[in-house]
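S.K.: First the structure, which I've put down as C-alpha cells, then a few questions once you've had a look.
The values are calculated or read from the model by the stated rules, or taken from the named source; none is laboratory data. All values derive from a computational prediction rather than experimental measurement. Here the Cβ positions follow ideal geometry from the backbone for every residue, glycine too, while neighbour counts run over all protein chains shown.
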C-alpha cells in the first residue's frame, strides 16, 4: 500500500532520494558489489568511487579530501566529534564541554553523557529569536575547555548561528570548535575554515539515509569510537557503505549545482506560506522570525491549538509536516529549542514546523494553508 502523502513539508526531517543519487547508487547495489577494502580489480573500482565521492563532499565545504571521514550519519559524526575530541583533550588537562542550549539531541545528549563521565558541561542560552548569546559563550569558555559545539543552523526553527565568532572564541582558549551543519548543507555555502569539525548527513541533501561525514581539520586530534578494520584513517572502522557514499556524493553535487536557483525560489515560497499563515490565524507567532533563518523553514505556534491533533488531521489530508525534530517524534514534552527561546510551554506544545524543498510548488503551499485552516477550525469547535 502506497503512503497517502501528496504534499511533503518535512524536508528538515529528510528529503526524497534525488534521481541523480539513485542512478549513481544503482550499480553498487547490483554487480559492483565488491568490498572497497579488498585488493582485486572490482574492489579497487569500488574504492575509486568512494574516493571520488569524498572529493565531492570535501569540495562542497572547502576542505581537503583527506579531512572527510565517512560515517553512518550526522548523529555518529556528532558523537565522534564530541567524544573523540573530549577524550583526547582530557589527556591534556582539558575537561570542559560547551554547547548551545538548542543543539540537536545528537550533540546535547552526547554532552550530557560526557557530563556523567567526569566532564564539565555548560549549555549556553539563546535569545528569544533563537540565536546564541555570544557573550554568554565567551564567559563559558575557559582555558580548560576541550570542545565547543554550536550548530550552523537549527533543525527546528532554522535560525542561523554566528559560527565564525563562536569558532574565534573557542580557538582563542585553545579549544576545538565543532558545528553540526546537517541542516545547513542543502541551503548555505559552508567553509571548513569556520570549524575544526563539521558534521554532515546525506539524507538532508537528497542522498540516502544511513550515511554522513565528519570533516576533521588537519591537526585535530580525535580518539576513534569504533575500532576494527582501520578504515577512514582509523577514525571510523567498518566496511564501506559504497552505494550510500556514492549516493551522498551525487546528491551533494546535484544540490550545489542547483543551489543558486533553488534558494531564492524556495525562500519566496516560504515567505508566501508564512505570510498566509499570519493573515489567516489571529494569534499565530513565527518562531525565530527576527533572526536570519534557513530559506525553507517556517515554525509557528497557533494560539489554542496543540500540534499532535493538527498533524493527524493534516496527515489524513495527505500533508506531511511535523512539530519539531523527527528524532523526538512522539515526545509529550515541549520542544527544548522553543523552551530555550522563552516560548511558554502551552504555546510550545502547539508548534508546527513546515519545511520546504526542491519539489515544493505554489500549489502545495496554497493547499497546505487551506488544510491547516480547516484543521484549526475543526479543533477550535
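S.K.: Select from region 56-86 the residues that are more than 23 Å from residue 242 (Cα to Cα) and touching a strand residue (DSSP E or B) at 6+ places or on another chain (Cβ under 9 Å) and write down the one among them that is surrounded by the most Cβ atoms within 10 Å (Cβ to Cβ).
M.R.: Among those that are more than 23 Å from residue 242 (Cα to Cα) and touching a strand residue (DSSP E or B) at 6+ places or on another chain (Cβ under 9 Å), it is 82.
S.K.: List every residue pair whose Cβ atoms sit under 7 Å apart, with the two residues 6 or more apart in sequence or on different chains, where the first one lies in region 83-95 and is in the same structural domain as residue 177 (by TED's automatic domain parsing) and the second, anywhere, is assigned to a helix (DSSP H, G or I).
M.R.: 83/110; 83/114; 86/114
S.K.: I would also like to ask the following. Return the residues of region 225-256 that are touching a helix residue (DSSP H, G or I) at 6+ places or on another chain (Cβ under 6 Å) and either in a loop (DSSP other than H, G, I, E, B) or more than 26 Å from residue 31 (Cα to Cα) (or both); say none if nothing qualifies.
M.R.: Within region 225-256, 225, 240, 256 meet the criteria.
S.K.: Restrict the check to region 118-129 and report whether at least one residue is closer than 23 Å to residue 182 by Cα, in the same structural domain as residue 182 (by TED's automatic domain parsing) and without any contact (Cβ under 8 Å) to a residue 24 or more places away in the chain.
M.R.: Among the residues of region 118-129, not one is closer than 23 Å to residue 182 by Cα, in the same structural domain as residue 182 (by TED's automatic domain parsing) and without any contact (Cβ under 8 Å) to a residue 24 or more places away in the chain, which makes the answer no.
S.K.: Within region 1-55, which residues are in a helix (DSSP H, G or I) and touching a helix residue (DSSP H, G or I) at 6+ places or on another chain (Cβ under 6 Å)?
M.R.: Of everything in region 1-55, those that are in a helix (DSSP H, G or I) and touching a helix residue (DSSP H, G or I) at 6+ places or on another chain (Cβ under 6 Å) turn out to be 20, 21, 24, 25, 28, 29, 46, 49, 50, 53, 54, 55.
S.K.: If we keep just the residues of region 91-110 that are out of contact with any helix residue (DSSP H, G or I) (no Cβ under 6 Å at 6 or more places or on another chain) and crowded, with 18+ Cβ neighbours inside 10 Å, which is nearest to residue 137 (Cα to Cα)?
M.R.: Here the answer is 100.
S.K.: Something else: Select, from 54, 44, the only residue that is farther than 25 Å from residue 175 by Cα and either in contact (Cβ under 8 Å) with a residue 40 or more places away in the chain or not assigned by TED's automatic domain parsing to the domain that holds residue 209 (or both).
M.R.: Exactly one residue qualifies, and that residue is 54.
S.K.: From the list 258, 291, 331, which residue is under 22 Å from the mean Cα position of the chain (by Cα), closer than 23 Å to residue 204 by Cα and at pLDDT 95 or above?
M.R.: 258
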